[in-house]
Structure formats: C-alpha cells, structure tokens
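> The structure follows.
The values are calculated or read from the model by the stated rules, or taken from the named source; none is laboratory data. Just so you know, these numbers come straight off a predicted model, no measurement behind them. Counting neighbours? That spans all protein chains shown, and the Cβs are built from the backbone with ideal geometry, glycine included. Each accessible area value is taken on the protein alone, full model and side chains, heavy atoms only, with ligands, DNA and RNA left out. Shrake-Rupley method; radii C 1.70, N 1.55, O 1.52, S 1.80 Å.
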Amino acid sequence: MSRTRTALLAAMALVAGATGTAFAVDPGSAGVAAVPCTVDYKIQNQWSTGFTAAVTLTNNSAAKSSWSLKWSYAGNQKVTSGWNAKLSQSGAAVTAANETYNAQLATGASVSFGFQGSYSGSNAIPATFTLDGVTCNVDDGGPGGPTDPPDPGGPSTRVNNPYEGAKVYVNPEWSANAAAEPGGSRVANQPTGVWLDRIAAINGAGGKMGLRDHLDEALRQKGSGELVVQFVIYNLPGRDCSALASNGELKADEIGRYKTEYIDPIKAILADSKYASLRIVTTVEIDSLPNLVTNTGSRPTAVPQCDVMKANGNYVKGVGYALNKLGDVPNVYNYVDAGHHGWIGWDDNFGPTATIMKEAATAEGATVNDVHGFITNTANYSALKENNFTINDTVAGKSVRESKWVDWNRYLDELSYAQAFRSQLVSAGFDSNIGMLIDTSRNGWGGTARPTGPGATTSVDTYVDGGRYDRRFNAGNWCNQSGAGLGERPKAAPAAGIDAYVWMKPPGESDGASKQIPNDEGKGFDRMCDPTYTGNPRNNNNMSGALPDAPVSGHWFSAQFRQLMQNAYPPLS
C-alpha cells in the first residue's frame with residue numbers, strides 16, 4: 001500500500017553506522033525483464049550533520065555506452081564530494097554521470113559509486129531514480145509484469161495522519177468504569193485503546209464487547225465526521241518473554257494458531273466493507289521485538305524464554321504476518337510498538353532495535369509500506385518531556401549521563417526518544433514520512449511531589465533526582481507504578497514527527513497482579529508487580545515500585561485509577 005505525507009517532519013540526527021536502502025528488485029525474481037533498471041541506495045555512515053552513501057545501479061535494458069542517473073532529495077541534503085561518478089547538484093536535484101572508465105554498462109551489468117553529503121533534520125532516502133530519463137525500480141509494462149510494482153493490497157485510501165481532523169473512539173466499557181469512580185467523569189469521555197489480548201476477545205469474553213461490537217459502536221459515534229478507533233494486537237506465541245504478568249495463551253511454537261485463529265479472523269472483520277469509513281489504528285504486539293535485542297544472548301538482562309523466541313523466529317514471523325494481513329485493509333493504519341526511552345535509548349539497543357523492526361516488517365509477505373508508523377511508551381510510565389535538565393548538562397564535573405538515573409542513556413524522555421528513533425527507523429529503510437504515537441496515559445507524574453525546578457547542584461545525582469518528573473526507582477520499572485499520574489490528554493499532531501499523543505493503555509487497567517492469582521487468560525505472576533520485590537538486572541536491582549493489591553493484568557484497578565487522577569499532569573479541572 002503506498003501513501004504520501006505532505007507535512008514537513010522534523011527529526012533528530014541519526015547515529016553513525018545506520019543503513020537505509022532504496023527499493024531494489026531481486027534479479028532472480030519473475031518479471032525482472034520488465035524493470036529497466038534497479039538502484040540500491042545505502043546510507044553507510046551518518047552523524048549529526050553529514051553522511052556517506054553507496055549506490056549500485058543495475059542496467060536491465062539495452063547496453064549503454066554512457067549513463068546518467070538522477071534523483072531528488074525531499075530534504076536539504078547536499079552532495080559535497082564523490083567517487084566513481086561525476087556528481088552535480090542543482091537545488092534538490094542530483095545527477096550522477098559516468099566516468100570515462102565506467103561508461104560502458106552492458107545489459108544486466110552493474111556499476112557502483114559513492115559520495116559524502118551534508119544534511120540537517122531528516123535524511124530520507126530518495127523516492128525515485130531515473131536512468132537516462134527512465135524510472136528505475138518500477139515495472140515498465142513490458143513482458144513480466146504490470147505497469148507498477150506489485151501491491152497486493154491494492155490502492156490505499158489512507159491519509160497522512162489518521163488522527164488529524166478526526167474524533168477518536170471512546171470505549172463505553174472503559175468509560176463506565178472511569179465514570180463510576182469519584183471524580184472519574186472528568187476523564188470518562190477520553191478515547192482509549194481496545195486490547196485484543198486473546199483469541200476469545202475477538203468475539204467478546206466474559207460478557208465484554210467483541211471486535212464487531214466495538215466497530216459498530218464506533219460507527220455510531222462517528223456520525224457524519226471522521227473517527228479513529230484504536231486496537232492493540234497482542235497475542236503472539238510466547239508473548240512477553242521477559243514479563244510473566246502479561247504472558248499469553250499461545251505457547252512459543254504456536255505460530256500457526258496465531259495466524260489462523262487470531263490474525264485471520266481479526267483481518268476478516270476489519271476488512272468488512274461495513275467498516276470502510278472508519279480509520280482503524282492498530283498497535284502491533286507491544287514489547288515483543290525489543291525483547292529480542294535486550295533480553296537475549298550473553299547480556300546480564302537475558303531471559304531463557306526470550307532466547308527461545310529469538311531462535312524460533314516466531315516474534316518476527318508473527319509481527320510480519322500481522323502487518324501483511326492487516327496492511328491489506330485500506331483503512332487500517334499499522335503502528336508497531338517501539339519500546340520506550342528507558343529501554344531502547346542506549347547505543348547498543350537503539351540501532352539493533354530499528355534493524356529488527358525492519359526484519360519483522362519484511363517477513364511473512366509484509367513490506368515497509370504495511371507500516372504507517374510506530375508507537376512508544378505503550379502501557380509505560382516514561383515522562384513525555386523532562387524540563388529541568390538536559391542530556392548535555394554537566395554538574396560537579398560530571399555529565400548528566402553519568403547519573404544513576406540516566407545511566408549513560410542518550411535520551412531523558414519519550415518525546416526526544418520518539419523523534420530520534422523515528423529518524424533511525426527511516427535510516428533502517430522505513431518510509432521517510434512515518435509518524436510516531438506516544439502513549440501518555442500514565443506518564444504525567446503530577447501532584448504535590450512534582451518538582452518545580454532543577455535539583456541541587458551538590459552532585460550530578462542530586463541535580464537529576466531533584467529535578468526529574470519521573471519518580472520511579474528505575475526507568476525499567478513497569479508494573480502499576482506508585483505515584484504515577486494521567487499524562488497529556490490525547491491530541492493530534494502535537495509535535496514534529498508525532499501523529500498523536502494517545503491513551504493506548506486504558507488508565508485504571510492493571511499491569512499485573514501483585515501476587516499469584518489463578519486465571520483462565522494465560523497470565524502469570526511477575527515479581528515486578530510485587531511491592532516487596534527488590535529487583536533484578538533489568539531494573540538495576542531496584543525496588544519494583546508497584547502498588548499493592550493489584551488484580552490480573554487488564555482488570556480494573558480502582559486504587560490505581562484514583563491515584564492517576566490525583567497525580568494528573570496537566571491537572572484535572
């Protein structure tokens with residue numbers, strides 16, 4: 001499914017070593033003869049103001065005695081020097097012409113050249129290349145294929161940002177729970193995500209609404225305007241390999257059941273023409289892919305079950321299958337979960353996570369065009385913006401990055417992380433105009449304990465700890481956090497590169513039980529939900545910070561909801 005965006009999206013600089021590749025046709029695939037030329041454009045290295053790129057051009061048409069390849073940049077990229085080709089630039093348009101020694105380009109032959117360039121903001125891969133006036137990477141209509149690249153989903157009706165100009169669905173079940181709490185009517189009309197966290201949830205379980213029920217109610221709420229309805233796709237085999245509280249019903253090897261009993265029925269319902277007027281946003285499989293980076297192998301944070309899921313490939317296969325099938329529905333907008341800054345913000349996690357996102361987005365028949373964007377902080381507590389200190393501050397001769405709280409992370413909050421990770425994803429090969437969502441449902445950290453300014457400059461730790469809004473013991477703590485508050489209310493296009501702030505996790509629904517509670521939902525007991533737990537390497541052996549007396553994940557937790565309202569920021573009126 002192709003789509004376009006017209007908004008200019010600012011993005012933070014990419015880290016060195018990132019790689020992005022333009023569309024290239026497999027020379028061994030059917031129909032190649034109809035593709036006149038292919039271009040493989042890779043960003044080899046990148047830093048805050050510049051980059052190097054390698055380009056390989058393959059000629060599939062008649063032999064040439066000279067050649068000229070052209071493309072245009074969407075941003076402000078400038079070619080500063082090059083090799084193995086004569087490079088020139090006029091405005092955004094770049095021309096790469098042959099040198100005398102590589103002018104001959106036989107049918108099926110390739111030529112490679114490279115260059116160094118400068119940029120600021122984003123560094124998107126060019127969308128179109130032409131060889132001597134003929135468009136590359138596109139079928140020319142000759143023997144072997146149609147006039148455009150294969151697009152199994154057909155034409156797309158997607159808009160640039162589904163949240164702009166649209167209302168967002170209010171789940172009546174969550175709304176009723178919220179309204180029943182003292183003061184809950186102040187937020188009961190807020191839109192939240194609907195979690196499809198087991199097969200039974202598709203048709204409705206335990207008297208709760210099923211997928212069609214929600215879609216029918218969404219049509220009623222829509223009226224004559226536009227409406228977004230948000231679903232969390234969350235039932236991978238071996239789900240949440242590092243968090244027992246949210247383990248799922250499917251065993252590690254049950255990828256077949258995931259496809260046929262879970263994704264296929266969801267796709268069939270979403271594809272019903274009855275719902276074609278809705279903008280359907282999916283959050284695809286939270287916490288899965290980052291676990292394959294941070295909790296496997298020889299890392300101290302490794303978990304045996306995560307090694308199992310990495311070895312069998314079922315997280316990658318499952319996400320790819322979901323993206324492929326759901327992406328075929330023209331009014332579905334897939335957003336893949338991308339963890340949060342307190343998980344992926346370190347250098348050794350940042351790039352590899354983007355790489356595995358690309359791997360999943362091109363597995364099981366999916367393509368990067370099945371991904372409309374990514375979501376960060378889903379069901380988490382990371383502050384949206386820390387205003388009392390910056391990553392570049394130095395106190396008592398030490399960088400903020402050396403503080404125990406930051407611990408050498410490059411990002412202090414979700415907004416900076418989401419914008420930077422967006423750029424990294426583009427470098428990894430995703431559409432240059434992908435949008436980000438940030439879950440702000442429980443990251444407000446308001447109330448009387450909210451700092452009003454920087455901490456004391458006695459040490460870097462007193463400075464950071466005294467000024468940070470996020471009051472968890474450690475940014476790795478994720479279960480029913482004490483002191484948390486409602487965050488920014490859902491809002492469309494609040495910042496550069498951000499499609500919306502959303503409440504994807506419904507406030508007041510538990511992250512997990514604080515003790516073992518038998519249930520028929522496949523959900524276990526995780527010590528990170530136990531208030532007495534003293535931690536593990538994944539939270540630097542800190543206390544869990546969890547609230548007591550919590551129910552099974554997804555169940556209503558009245559005490560938590562009341563705390564979230566009390567500590568809301570911005571405050572509730």
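> Would you mention how many residues in the stretch 409-425 are of a type in the set (A, V, I, L, M, F, W, C) and either modelled with pLDDT under 95 or under 25 Å from residue 482 (Cα atoms) (or both)?
Residues that pass the stated criteria total 3.
> Next question. Tell me the residue from 520, 549 that is free of Cβ contacts under 8 Å to residues at least 24 places away in the same chain, open to solvent by 30 Å² or more (accessible area, probe 1.4 Å) and over 30 Å from residue 407 (Cβ atoms), please.
Selected residue: 520, the only one of 520, 549 that is free of Cβ contacts under 8 Å to residues at least 24 places away in the same chain, open to solvent by 30 Å² or more (accessible area, probe 1.4 Å) and over 30 Å from residue 407 (Cβ atoms).
> For the stretch 433-442: of the residues being buried (at least 24 other Cβ atoms within 10 Å of the Cβ) and in contact with a helix residue (DSSP H, G or I) (Cβ under 7 Å, 6 or more places away or on another chain), which is nearest to residue 499 (Cα to Cα)?
Checked the stretch 433-442; the qualifying residue nearest to residue 499 (Cα to Cα) is 436.
> In the stretch 308-340, what count of residues is obtained for those that are within 18 Å of residue 357 (Cα to Cα), surrounded by fewer than 18 Cβ atoms within 10 Å (Cβ to Cβ) and out of contact with any helix residue (DSSP H, G or I) (no Cβ under 9 Å at 6 or more places or on another chain)?
Number of matching residues: 1.
> Taking the condition in contact (Cβ under 8 Å) with a residue 12 or more places away in the chain, surrounded by fewer than 22 Cβ atoms within 10 Å (Cβ to Cβ) and touching a Ser or Thr at 6+ places or on another chain (Cβ under 8 Å), does residue 300 pass?
Against the criterion (in contact (Cβ under 8 Å) with a residue 12 or more places away in the chain, surrounded by fewer than 22 Cβ atoms within 10 Å (Cβ to Cβ) and touching a Ser or Thr at 6+ places or on another chain (Cβ under 8 Å)), residue 300 does not qualify.
> Exactly one of (1) part of a loop (DSSP other than H, G, I, E, B); (2) open to solvent by 10 Å² or more (accessible area, probe 1.4 Å); (3) more than 17 Å from residue 337 (Cα to Cα) is unmet by residue 472. Its number?
Residue 472 satisfies every listed condition except (2).
> Which of the residues belonging to the stretch 219-240 are without any contact (Cβ under 8 Å) to a residue 40 or more places away in the chain and on the phi > 0 side of the Ramachandran plot?
Result: 223, single match.
> Then there is this: From 411, 381, grab the single residue that is in a loop (DSSP other than H, G, I, E, B) and open to solvent by 20 Å² or more (accessible area, probe 1.4 Å).
None of the other options fit; the residue is 411.
> If you go through the stretch 316-355, how many residues are in contact with a Pro (Cβ under 8 Å, 6 or more places away or on another chain), part of a helix (DSSP H, G or I), under 20 Å from residue 439 (Cα atoms) and of a type outside the set (A, V, I, L, M, F, W, C)?
The qualifying residues number 1.
> Right, another one. Answer yes if at least one residue in the stretch 445-458 is open to solvent by less than 10 Å² (accessible area, probe 1.4 Å), in contact with a helix residue (DSSP H, G or I) (Cβ under 9 Å, 6 or more places away or on another chain) and not in a loop (DSSP other than H, G, I, E, B), and no otherwise.
Within the stretch 445-458 (the criterion being open to solvent by less than 10 Å² (accessible area, probe 1.4 Å), in contact with a helix residue (DSSP H, G or I) (Cβ under 9 Å, 6 or more places away or on another chain) and not in a loop (DSSP other than H, G, I, E, B)), the answer is no, since none of the residues qualifies.
> Something else now. Looking only at the stretch 84-109, filter to residues that are of a type in the set (A, V, I, L, M, F, W, C) and farther than 17 Å from residue 53 by Cβ; which one of those is most open to solvent (accessible area, probe 1.4 Å)?
In this case the residue turns out to be 106.
> Which of (1) surrounded by 18 or more Cβ atoms within 10 Å (Cβ to Cβ); (2) over 26 Å from residue 206 (Cα atoms); (3) free of Cβ contacts under 8 Å to residues at least 60 places away in the same chain is the odd one out, the single condition residue 485 does not satisfy?
The one condition residue 485 does not meet is (3).
> What's the number of the only condition in (1) out of contact with any Ser or Thr (no Cβ under 6 Å at 6 or more places or on another chain); (2) at pLDDT below 90; (3) under 26 Å from residue 420 (Cα atoms) that residue 62 fails to meet?
All conditions pass for residue 62, except number (3).
> Being among the charged types (D, E, K, R) and either crowded, with 22+ Cβ neighbours inside 10 Å or modelled with pLDDT under 95 (or both) is the filter here; which residues of the stretch 488-502 pass it?
Within the stretch 488-502, just 499 meets the criteria.
> Go through the stretch 264-306 residue by residue and tally those that are assigned to a loop (DSSP other than H, G, I, E, B) and over 21 Å from the mean Cα position of the chain (by Cα).
Matching residues across the stretch 264-306 total 12.
> Conditions: (1) touching a Cys at 6+ places or on another chain (Cβ under 8 Å); (2) modelled with pLDDT under 85; (3) not acidic (Asp, Glu). Residue 134 meets all but one. Number of the miss?
Of everything listed in (1) touching a Cys at 6+ places or on another chain (Cβ under 8 Å); (2) modelled with pLDDT under 85; (3) not acidic (Asp, Glu), residue 134 misses just condition (2).
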